[in-house]
1. Of 51, 11, how do they rank once you tally other Cβ atoms within 10 Å and put the fewest first?
2. Listed highest first by mean packing, meaning other Cβ atoms within 10 Å per residue, what order do 39-45, 115-121 come in?
3. Tell me, 167, 130, 154 in order of fewest to most beta-carbon neighbours within 10 Å?
4. Can you tell me how much longer the chain between residue 123 and residue 41 gets when fully stretched, taken as 0.36 nm per residue apart minus their C-alpha distance, in nm with one decimal?
5. Could you calculate, for the range 19-84, the ratio of the Cα radius of gyration to the Kirkwood radius, expressed as Rg to Rh?
6. With each run of n ≥ 4 DSSP H residues scored as -39500 (n - 2.57), what mean residue ellipticity at 222 nm is computed for the chain after dividing by its residue count and rounding to the nearest 500 deg cm²/dmol?
7. Based on DSSP, what percent of beta bridges with both residues in the chain are antiparallel, to the nearest 5?
8. What is the fewest-to-most order of 143, 132 by other Cβ atoms lying within 10 Å of their Cβ?
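Nothing in this text is a laboratory measurement; each read-out follows from the coordinates by a stated rule. The structure displayed is predicted, hence computed values, not measured ones. Glycine gets a Cβ as well: all are built from the backbone with ideal geometry, and neighbour counts include every protein chain shown.
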Amino acid sequence: MRELSVRPRHTLAPQRSDYAPLFGASGQILVAGIRIGSGYVYVSAITQPFTNSGLRDPQNAALVLNMLRRAPPGGRILFDEYHHGLIAPPSPTDGLLATPWGWAGVYAAMATALFLLLGGRRFGRPVPLKEEMVRRSSAEYVESIADLYQRGGKRGYMLRHFYADFKRRLA
């Protein structure tokens, strides 16, 4: 295989030194291979040779066939199809609901909202200030005690009290 008819938009920039450049031109690497453990990984910046329409070209088919020859009989071949979009795109709630810091932020926001909503709310009648309260007269005190005794049915108690007081004064 001498050339591929592809129009690369991206090139590989490996961060490792143990890779083998397999295909590229003028210092740009489009396909590279890396040995990892007992296996071998191919990294490609181009996808066209691996598509159905790309495999119709004899040069692309030869590249893929050479790559597949490296697999032993009964071995496994895996494809990472990130470019097909088989992953879910990240959503704004992923960071909130998938991490402890996100949950902490949600709890803090809820606590702040509850504080702001319930902060100015009254839980009972307002207590008047001392300056606002007027002092009651002693006659009002006597009237309220008499009303309490009358409502409580303490007429006999009051008669005994006044009778004892009257006897004391006569004596």
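1. Numbers: 51 10, 11 13.
Going from least to most buried by this count: 51, 11.
2. Numbers: 39-45: 15.4, 115-121: 7.9.
The densest-packed peptide leads the list: 39-45, 115-121.
3. Numbers: 167 9, 130 6, 154 13.
So the ranking, lowest neighbour count to highest, is 130, 167, 154.
4. Taking residue 123 through residue 41 to full extension adds about 22.7 nm, to one decimal.
5. On the way: Rg = 12.3 Å, Rh = 13.0 Å.
Over the Cα atoms of the range 19-84, Rg/Rh equals 0.95.
6. After summing the helix terms and dividing by residue count, I get -12500 deg cm²/dmol.
7. Taking every DSSP beta bridge with both residues in the chain, the antiparallel ones total about 100 percent.
8. 132, 143
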